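The values are calculated or read from the model by the stated rules, or taken from the named source; none is laboratory data. Just so you know, these numbers come straight off a predicted model, no measurement behind them. Every residue, glycine among them, receives a Cβ derived from its backbone with ideal geometry; neighbour counts consider all protein chains shown. These area figures cover heavy atoms from the full protein model, side chains too; ligands, DNA and RNA do not enter into them. Shrake-Rupley method; radii C 1.70, N 1.55, O 1.52, S 1.80 Å.
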Amino acid sequence: MDRDLEDVRQRAATGPLPAHPRVDELVEQAYRWAMPDTSGAVADYIPALADADPELFGLCVVEVDGASHAVGDVDVAFSIQSISKAFVYALVCEELGHAGVLERIGVDNTGLAFNSVMAIELNDGHPRNPMVNAGAIATTAMVPAADPDARWAAVRTGLSRFAGRDLALDDEVYASEAATNQRNRAIARLLESYGRLEDPLEAVDVYTRQCSLLVTTRDVAVMGATLADGGVNPVTGERVVSPDVCRDTLAVLASTGMYERSGTWLFEIGLPGKSGVAGGVVAVAPGKAGIGAFSPRLDAAGNSVRAQEAIGYLSRALGLNLFASAVHDGGAHDGAAWGARP
Ligand code: GLN
């Protein structure tokens, strides 16, 4: 890699991140800030997820130079769930290009829950975006491959390249979701009825596997950092997708990554992000860092409560909000709330 990373960091609109020790401190503070919030509930519609320890909490920032800042349960494995949608979408855009994926999948928020059937009906069978289940299942079906095994292998390998290590399937979560995912199968059948999916059950099976891949909070931060770094994994140095694909993926995450709560998230936090029902969240500060956060209690939309609190704190303290127009003060203040700074 022969780019001048420092130059990339300076060019980010809101200025560079503070020095590493200050980022360490602020990650600690964000963790302590979010820890007391025990609101929300662990997902139980996938039976295996109901067993998760609700107290688990990990927070990790990986910068585009590969430096990492971690606190809490950052090495505990959990199923990636819907966070996978962001990275499979990037892989499909890399293979098929901007226009084809835009036409078939879309980029607009449905304003409805991630597993909404009504959203499909209201849009004449168009899934609207790749972050709700309908769009994600249709996106997975677009991964170029000769057969389902090859498609699953391509998804697993692609997500592993984002993480920088071989990701393994959680057999228990996969079996549990495969036995109870009638709703996703119905969504896929509905897409089929509109001529938008050829082999619905195969697509749901590969999608269910991709959701059951095991990751840690650290992995999620590295995956996010790869999108922040224009498609180059900052730990392995491998190019996974192009800068154009990263830009497109981040735009879709900003509009749809937190489902019907995407507007609130963008207003409060100002970063592209994606959640999963096991409690993981990835957020991306382009040109700066990826943030991984994990805690199993979810709000009503299915987004981890503590993860949102911690990432919001970091966005404020580290000056990550994409809509800011001035260089940030470099972490001189904490991120307790907007307006807390003098
Ligand atoms: N596998 C889950 C499902 O399809 C993913 C949903 C999520 O993480 N929001 O229901």
Just how large is the dipole of the chain about the Cα centre, in debye to the nearest 20, putting +1 at every Lys and Arg Cβ and -1 at every Asp and Glu Cβ?
600
For the chain the translational diffusion coefficient, Stokes-Einstein from a Kirkwood Rh over Cα pairs at 10 °C and viscosity 1.306 mPa s, in µm²/s, is roughly 81
Calculated diffusion of the range 130-170, Stokes-Einstein form, Kirkwood radius summed over Cα pairs, 20 °C and 1.002 mPa s, µm²/s
195
If R₀ is 25 angstrom, what is the calculated FRET efficiency for the pair residue 264 and residue 50, using the beta carbon separation as r and rounding to 0.05?
0.40
Rounded to the nearest angstrom and ordered from largest down, what semi-axes does the equivalent ellipsoid of the range 273-323 get from its C-alpha gyration tensor (root of 5λ)?
20, 10, 9
Does the range 162-256 classify as rounded, prolate or oblate by the C-alpha gyration tensor (a ≥ b ≥ c root eigenvalues; a/c under 1.5 gives rounded; else a/b over b/c gives prolate, otherwise oblate)?
oblate
Residue 37/residue 76 FRET efficiency (R0 22 Å; Cβ-Cβ; nearest 0.05):
0.70
With a probe of 1.4 Å, find how much accessible area the chain has per residue, and write the answer as a whole number in Å².
38
Fraction of accessible area attributable to carbon and sulfur, the chain (%, probe 1.4 Å)
52
Working only with C-alpha atoms, what are the Rg and Dmax values of the range 96-236, expressed in angstrom?
15.4, 44
Express the C-alpha Rg of the range 199-342 as a ratio against the empirical globular expectation 2.2 N^0.38 Å, rounded to two decimals.
1.08
Give the whole-number value, in cubic angstrom per residue, of the convex hull volume spanned by the C-alpha atoms of the range 243-293.
75
Once you put a point 7 Å from the Cα of residue 301 and another 7 Å from the Cα of residue 22, both along the Cβ direction, what distance in nm separates them?
3.1
So if we plug the beta-carbon distance of residue 179 and residue 327 into 1/(1 + (r/R0)^6) with R0 = 56 Å, what FRET efficiency do we get, rounded to 0.05?
0.60
If a/c stays under 1.5 just call it rounded; otherwise compare a/b with b/c (prolate if a/b is bigger, oblate if not). Do that for the range 1-155, with a ≥ b ≥ c from the square roots of the Cα gyration tensor eigenvalues.
oblate
